[in-house]
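The values are calculated or read from the model by the stated rules, or taken from the named source; none is laboratory data. It should be emphasised that the depicted structure is a prediction, and the values quoted were computed from it without experimental measurement. Cβ placement follows ideal geometry from the backbone for every residue including glycine, while neighbour counts extend to all protein chains displayed. Accessible surface is based on the protein model in full, side chains and every heavy atom, while ligands, DNA and RNA are left aside. Shrake-Rupley method; radii C 1.70, N 1.55, O 1.52, S 1.80 Å.
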Amino acid sequence: MDQQELRKREERCIEDEPPWCSAACPLHVDARAFIGHLARNDAAEALNVLHRTMPLPNILGRICDAPCETFCKRSQAGEAIRIGALERSCVCQDARPRKLFVLPPRGKRVAIGGSGLSSLAVAWDCLRKGYGVRIFEAGERPGEELALCHPDLLPRSVVDEEIAFLMKLGMEVETGAATHRPEFLERCLETFDAVYLGLDCLPGGAWGLERDDSGGIRVEPGTQRTSREGVFAGGLPREGRVSPVWQAAEGRFAANSIDRHIQRVSLTAGREKEGPSSTRLYTSIAGVIPLPAVKAADPLKGYSGEEALHEARRCLQCRCLECVKVCVYLERFGAYPRKYAREIYNNESIVMGAHQANRLINSCSLCGLCEAVCPEDFAMQDLCLEARRSMVERGKMPPSAHEFALEDMAVSLSDRFALARHEPGLETSALAFFPGCQLAGSQPDKVIAVYEYLRSALTGGVGLVLGCCAAPAWWAGSKARFDEGMEALRGQWNSLGSPKLILACSTCLQLLREHLPEVPAVSLWTVLDETGGPIPPGISCERHLVVHDPCTTRTEPGVQASVRHVLGRLGVRVGELELGRGKTECCGFGGLQQNANPEIARETARVRARRSEEDYLAYCAMCRDRLASAGKRVLHLLDLLFPDRQVPDPAVRKDPGWSQRQENRWRLKERLLKELWSEEEPPKRTGHGEIRLQIRPEVRRLLEERRILDEDLQRVIHHAESSGEKFRHPGTGRLKASFKPRKVTFWVEYERCAEGFVIHNAYSHRMEVTVS
């Protein structure tokens, strides 16, 4: 990803777009932050927000006409937040001394005609920028007209205090000035570097400036420049009414133009975001309870502190975060896609493999829910997958991230499980059943039952293909290994004469359609829907189940519909999850999340399991087992179609675990070859395979978390017992031994028993211990 691509991706995430209130404000006051502090009862920090962006906050905070309220998102669910009233409450209740940080003096001076709001705003900003300022007031007292315009809201004392504050910063004031005379402007231009005319308080003057059609001084909006170089103006009513915030804003625009004029730079370049702007922010109001605005008990005094608190707490604090709301992974890393994109770019381009960034890249389940819910279709899964591929290609991918899953995949692609056969007794196959590696590892008996049904229900020959679609390699970013896996599957398909594949796994279906488009493929659930499926006796029509759709069916509405048709024929009353079908959530297995970040994967499964109190119905083997591991009662659809009378409640069946999955696969192959094709598999387990293990449940859970297989334990013990390389604890008598069958060294704590060996603990590491 280069800088240009990074910027495109950052631009797509709208979380940093301003809320509607701030975008509509001519001064871009951060109303969201201001109100957020008030809602947390932190008036001091709320006032700091106003001081950061608002000129003359003690004046403008009292009289702001709040055009932002017209655009408040809360108005779509109740009434708009009374932002102006909250600003007034905040500044009226504060009596702290204020600070204004100013730049060092620049040796340049600005003349300001009039002491209205726009003029004082120019003075405020020019003083901050380090310019000398002199106000020329026609009356005897600066700010007089400003106070008279707002007698109920703006005490004269407050205006005096603000002017005194500006004078303390160096502002000079000349009263009784003949600001209406032509020579006033000429004298100012001779002795000052720029001039501002505050039209909100200056009497009409004959200054020789170009006029507009209505006879007023022609002023360019935004820059506030007039026909005379170095002369700027502003502060007139807008659309027939006086707007204090616009008067202050025009003063700010003019101060920026004066700064540019004095520095001899463009008055217009890079000023597109000054003044009200549009925003691309999206904020959902689904589920927001409509509430009216809080009414002040005393309208003249405005909100009390308690009333302001209640009004502030109506604010929606508009943000997008649609993806973060529904994704444990995005939420857990504490930011949002725009920031993640930058972090991943830095990891790839600068840091070259920082631990935290690697965890971010590898923890994504690649399910694509972020893209499905994002108003701008930001695909975090694409970003993470591209980063994984880049890391693999450059040799920067930590082996620990995905190696276990890739080794498990290699076993499924090996002769221990892989198989391709025509239907027994036939030499051609119009169709072939491909159950995938996970259904075979979780419920091998169901694979046999489904295959038997398909052979009875379909004509033309139904072959069988055992193997793996190489999804782990795809998720790991290992293109070479994925291509090898796809080629292996293509070879199996070709060996059967290119039949149409019937797939039990939606991930297999997705990957085949994307990467082997020449292979005709259909979901098992579509076939069962079209054939009517088996209708076993004893199915209760009173049963109610909530359907969990696998994330890889999100773009397969036909498959989802078929599942519900099948359930309907079984008499099951179907419930739907709010995040289902096109917005269904991941179970935590996809993208190798369970391998790279088990904690997030467990929480992902727990969150999904808590979406409903009802029992779930899954039609993906890993979804069923992941949800079951989270304590959810969950059935696989095949439990209903092909019930096992010896399992009275399949909803409580536990996840078989990694070791049992591998054993289930090779035993399934052995059984099928023997029972259907009368072939005996040659024995593959010698030496370590004869060792019998006794493992308590708590130790089994530990082994699962550490990705240590029974076969790993057997290899260590076999090596220790045959070589004598082991330690004995003098107190407990337990043995400890290690063995390195591949890149990982395994350590096992065990002891002998009558039934074999009791496992007490095991762990693994990748350290290389050298003796010099």
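Tell me which of PRO499, CYS468, PRO375 sits at the most positive position along the dipole axis of the chain, charges placed on C-beta atoms (Lys, Arg +1; Asp, Glu -1). Towards the positive end, the residue furthest out is CYS468.
Rounded to the nearest 500, what is the 222 nm mean residue ellipticity of the chain from helices alone, with -39500 (n - 2.57) per DSSP H run of 4+ residues and division by all residues? Could the numbers behind the result be given before it?
On the way: 33 runs with 330 residues, N = 772.
Dividing the helical sum by the residues of the chain leaves -12500 deg cm²/dmol.
Applying 1/(1 + (r/R0)^6) with r as the Cβ-Cβ distance of GLU386 and GLU705 and R0 = 45 angstrom yields a FRET efficiency of 0.95.
Enclosing the Cα atoms of the stretch 634-772 in their convex hull gives a volume equal to 181 cubic angstrom per residue.
Our summary gives the chain a relative contact order of 10 percent, counting only alpha carbon pairs under 8 angstrom and 6 or more residues apart.
Dipole check for the stretch 696-743: with +1 at the C-beta of Lys and Arg, -1 at the C-beta of Asp and Glu, and the Cα centre as origin, the magnitude is about 180 Debye.
So the label point goes 7 Å from the Cα of ARG264 along Cα→C-beta, right? Which residues of the stretch 180-201 then have their backbone N under 17 Å from it? Counting backbone N atoms under 17 Å from the label point, the list is 193-194.
The modelled label-to-label distance for the pair GLU681/GLU576, using points 7 Å beyond Cα in the direction of Cβ, is 4.3 nm. Think of the chain as having a plus end and a minus end, set by charges on the Cβ of Lys, Arg, Asp and Glu; of CYS90, SER115, ASN664, ASN664 sits farthest toward the positive end of this dipole.
The spread of Cα positions in the chain, taken along each principal axis and listed from longest to shortest, comes to 113, 71, 49 Å. Applying 1/(1 + (r/R0)^6) with r as the Cβ-Cβ distance of ALA206 and SER75 and R0 = 45 angstrom yields a FRET efficiency of 0.45. Taking all protein chains together and a 1.4 Å probe, the residues HIS180, HIS37, HIS515 rank HIS180, HIS515, HIS37 from largest to smallest accessible area.
Give me the net charge for the shell around MET380: Cβ to Cβ below 10 angstrom, other residues only, Lys and Arg +1, Asp and Glu -1. Result for the neighbourhood of MET380: -1.
Quick check: with the 1.4 Å probe, what order do THR555, THR223 take by accessible area, largest first?
Working: THR555 110, THR223 10 Å².
Sorted by accessible area, descending: THR555, THR223.
Taking every protein chain into account, the 1.4 Å probe leaves SER365 with about 10 Å² of accessible area, to the nearest ten. In a fully extended conformation the segment linking GLU174 and ALA430 would gain 82.3 nm over its present Cα-Cα distance, using 0.36 nm per residue.
Nearest 0.05, what FRET efficiency do THR191 and GLU45 give at R0 = 45 Å with Cβ-Cβ as r?
Values: r = 43 Å, r/R0 = 0.95.
Computed FRET efficiency for THR191 and GLU45 comes out at 0.60.
Determine the order of GLU725, GLU679 by accessible area, beginning with the largest, at a probe radius of 1.4 Å.
Working: GLU725 110, GLU679 65 Å².
Descending order: GLU725, GLU679.
Along its principal axes, the stretch 699-771 has C-alpha extents of 33, 31, 22 angstrom, given from the largest down. All C-alpha pair distances within the stretch 1-141, sorted into 10 Å bins from zero, spread as 10, 30, 29, 21, 8, 1, 0 percent across the bins.
Solvent-accessible surface of the stretch 286-397, taken per residue with a 1.4 Å probe and all protein chains present: 48 Å². Here VAL173 sits with roughly 50 square angstrom of accessible surface, probe radius 1.4 Å. Between GLN694 and GLU393, the simple spin-label model (points 7 angstrom out along Cα→Cβ) gives 5.4 nm. Relative to the longest principal axis of the Cα atoms of the chain, helix 399-413 runs at roughly 40 degrees.
Counting alpha carbon pairs within less than 8 Å and at least 6 residues apart, what relative contact order, in whole percent, applies to the stretch 619-772? Before the final figure, lay out each step's value.
Working: 178 pairs, mean separation 25.1, N = 154.
Answer for the stretch 619-772 is 16 percent.
Taking Cα centre as origin and charging only the Cβ of basic (Lys, Arg, +1) and acidic (Asp, Glu, -1) residues, the dipole magnitude of the chain rounds to 1540 debye. Here the dipole of the stretch 274-354 is about 140 debye; that uses its Cα centre as origin and unit charges on the Cβ of Lys and Arg (positive) and Asp and Glu (negative).
Among the trypsin sites (Lys or Arg not before Pro) in the stretch 220-274, those located in a DSSP loop and surrounded by at most 14 other Cβ atoms within 10 Å of their own Cβ are ARG264, LYS273.
The simple spin-label model puts a point 7 Å past each Cα toward its Cβ; for ARG241 and ARG416 those points are separated by 7.7 nm.
Rolling a 1.4 angstrom probe over the chain with all protein chains present gives an accessible area of which 50% lies on carbon and sulfur atoms.
Heavy-atom accessible surface of GLU17, to the nearest 10 Å², is about 40 Å², with a 1.4 Å probe and all protein chains retained. Dipole of the chain computed with +1 at Lys/Arg Cβ and -1 at Asp/Glu Cβ about the Cα centre; of CYS126, ALA737, PHE482, farthest Cα towards the positive end is ALA737. From a point 7 Å beyond the Cα of ARG106 in the direction of its Cβ, which residues of the stretch 242-283 have a backbone N at a distance under 11 Å? So the set is 255-265. What is the helix-to-structure angle for 156-168, meaning the angle in degrees between its Cα long axis and the longest Cα principal axis of the chain, kept from 0 to 90 and rounded to the nearest 10? Around 80 degrees separate the two axes.
The angle separating the long axis of helix 244-263 from the principal Cα axis of greatest extent in the chain is about 90 degrees.
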